[in-house]
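Take a look at the structure set out below.
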Amino acid sequence: MDFRRLETAELSGKTALVRVDFNVPRKDCGSISDDTRIQAALPTIKAIRAAGGKVVLLSHFGRPKGETKPELSLSFLLPVLEEHLGETIGFTDGFDPSAITENITLLENTRFQPGETKGDEALTKEWAKLGDVFVQDAFSVSHRDHVSSAGLAKFMPAYAGLATERELDHLAQALENPAKPVLGVVGGAKVSTKIDLLSNLVEKLDMLAIGGGMANTFLAAQGYPVGKSLCEHDLAETALEILKAADKAGCRILLPIDVVAATDFAANAPHRVCGLNDVAPHEMILDAGPETVNGLADAIDRAKTLIWNGPLGAFEIEPFDTSTIEAAQYAAKRVKNNDLIAVAGGGDTVAALKHAGAAQDFTFISTAGGAFLEWMEGKELPGVEILRPKKGEA
Ligand code: AMP
């Protein structure tokens, strides 16, 4: 994918407004319990400083909904950033450019401003006064048309930061110009949240495995009994349309061919492996069966690229995590042998692959959640569109 990279930006003597994602988890409003997002932002900040530029960092934190809420102030990050970056970090509300005296300044929680999430023009102009170039390094908010995620590009040149660059390059590798055949694995709870995603994927992929609770909707639509399984019976028509579209586009669909049926949604609930016609009215399907996993392993063997979203069963409760673990570990093994490119992301996927012990071996795991899903749905992301070179630009 063609987009403006940070290495092409003129940064010496300039101030870069850098959108980062500092929406970090905190323990009881205290210490940071996972600093992955801070670590992810550091390379871009350091690169801009090394190129002789100043940095103004913009991020949201929590959901203040346009109000100043002291408990959601970003000031708790100042000592953390100073430790990582070895410089004094300034702090500003963003309305007085002369207050920016340090080489690196952190702007207060962008969502304290009601105009931020509305893409407000006056606020955009105000913040644009603080810098010369805009660097989008928070792919996780690129599906939002907010001032700090896309709007600032109206008034200055915009570039992808290094974290965004890494994300976009890997996503392109999985869906835009992938090594073929491409296999998708889509699991999770409901079809209703993933109709756009499935409809887009059947047009683009060679094979698509559907698992998790959403597979029950497809099985029920095909006339199989699903007992008291999680199932959206009202979406039977939609499920059949997706199957028809896949057939037309030449995308092979893999649905479960056997299942694990249990009596309750609980860890170690009484359960059994059974065929699709054998699920009793008092049972619920909580995982794919071993024959299904074998079939998926065959598809993984054939694929050169894998894109994965969602667990194949109720992975939070044992033993209904089995198919997710086995399929993820099988894919991870092929990645390690350099036989497969595997990209995953969205919702519970990161937790499921970590649970399977496979996350570290995947080629790339996106932690972007909603933005990753919208990208899989084939939608234009405002925070990515602004990075595309204009006509005539090299
Ligand atoms: P999603 O957020 O759509 O990716 O859905 C993830 C959730 O789907 C997880 O909490 C899983 O426990 C749940 N899930 C997956 N398979 C099933 C199933 N067969 N029955 C009930 N819940 C399931």
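You will find that of Thr36, Thr68, the residue that is under 21 Å from Ala163 (Cβ atoms) and either in contact with a strand residue (DSSP E or B) (Cβ under 6 Å, 6 or more places away or on another chain) or of a type outside the set (A, V, I, L, M) (or both) is Thr36 and no other.
Answer yes if at least one residue in the stretch 207-218 is in contact (Cβ under 8 Å) with a residue 40 or more places away in the chain and among the hydroxyl-bearing types (Ser, Thr, Tyr), and no otherwise. No; the residues of the stretch 207-218 include none that is in contact (Cβ under 8 Å) with a residue 40 or more places away in the chain and among the hydroxyl-bearing types (Ser, Thr, Tyr).
Scanning the stretch 115-125 turns up one or more residues that are among the charged types (D, E, K, R), crowded, with 18+ Cβ neighbours inside 10 Å, more than 20 Å from Ile365 (Cα to Cα) and not assigned by TED's automatic domain parsing to the domain that holds Ile341. Screening Leu72 on (1) surrounded by 23 or more Cβ atoms within 10 Å (Cβ to Cβ); (2) more than 23 Å from Pro389 (Cα to Cα); (3) hydrophobic (A, V, I, L, M, F, W, C) shows it passes everything except condition (1).
Scan the strands (runs of 3 or more DSSP E) fully inside the stretch 27-137 and keep the ones with 2 or more residues being within 22 Å of Glu10 (Cβ to Cβ) and under 25 Å from the mean Cα position of the chain (by Cα). Outline the logic, then answer.
Numbers: elements: 54-58, 89-92, 104-107, 133-136.
The qualifying strands (runs of 3 or more DSSP E) are 54-58, 133-136.
Please verify whether the stretch 278-286 includes one or more residues that are crowded, with 20+ Cβ neighbours inside 10 Å, out of contact with any Phe, Trp or Tyr (no Cβ under 8 Å at 6 or more places or on another chain), more than 16 Å from Gly187 (Cβ to Cβ) and not aliphatic (A, V, I, L, M). For the stretch 278-286, residues crowded, with 20+ Cβ neighbours inside 10 Å, out of contact with any Phe, Trp or Tyr (no Cβ under 8 Å at 6 or more places or on another chain), more than 16 Å from Gly187 (Cβ to Cβ) and not aliphatic (A, V, I, L, M): present.
Does Thr88 satisfy the condition of being assigned by TED's automatic domain parsing to the domain that holds Leu11, more than 18 Å from Phe155 (Cα to Cα) and buried (at least 21 other Cβ atoms within 10 Å of the Cβ)?
Numbers: assigned by TED's automatic domain parsing to the domain that holds Leu11: yes; more than 18 Å from Phe155 (Cα to Cα): yes; buried (at least 21 other Cβ atoms within 10 Å of the Cβ): no.
So Thr88 fails the test.
Residues satisfying the criterion are present in the stretch 164-184 (criterion: within 16 Å of the ligand (Cβ to nearest atom) and either buried (at least 22 other Cβ atoms within 10 Å of the Cβ) or β-branched (Val, Ile, Thr) (or both)). Scanning the stretch 138-148 for residues that are part of a loop (DSSP other than H, G, I, E, B), out of contact with any Leu (no Cβ under 8 Å at 6 or more places or on another chain) and of a type in the set (A, V, I, L, M, F, W, C) gives a single hit, Ala138. The residues of the stretch 149-182 that are assigned to a strand (DSSP E or B) and within 18 Å of the chain's Cα centre (by Cα) amount to a single one, Ala160.
Taking the listed residues Lys336, Lys304, Lys379, the one that is touching an Asp or Glu at 6+ places or on another chain (Cβ under 6 Å), in contact (Cβ under 8 Å) with a residue 12 or more places away in the chain and among the basic types (Lys, Arg) is Lys336, with no other qualifying.
Report those strands (runs of 3 or more DSSP E) wholly inside the stretch 188-289 carrying at least 3 residues which are near the ligand (Cβ under 9 Å from one of its atoms), acidic (Asp, Glu) and assigned by TED's automatic domain parsing to the domain that holds Asp301. The strands (runs of 3 or more DSSP E) meeting that bar number zero.
Residues that are within 22 Å of Ala128 (Cβ to Cβ), part of a loop (DSSP other than H, G, I, E, B) and under 20 Å from the mean Cα position of the chain (by Cα) within the stretch 9-26 comprise Val20, Asp21, Phe22, listed in sequence order.
So which residues in the stretch 33-48 are basic (Lys, Arg) and crowded, with 18+ Cβ neighbours inside 10 Å?
The initial filter retains those residues of the stretch 33-48 that are basic (Lys, Arg), namely 37, 46.
The answer is Arg37, and nothing else.
The values are calculated or read from the model by the stated rules, or taken from the named source; none is laboratory data. Since the structure is predicted, the reported quantities are computational estimates derived from the model, not experimental observations. Because the Cβ atoms are built from the backbone with ideal geometry, glycine has one as well, and the counts that use them run over all protein chains shown.
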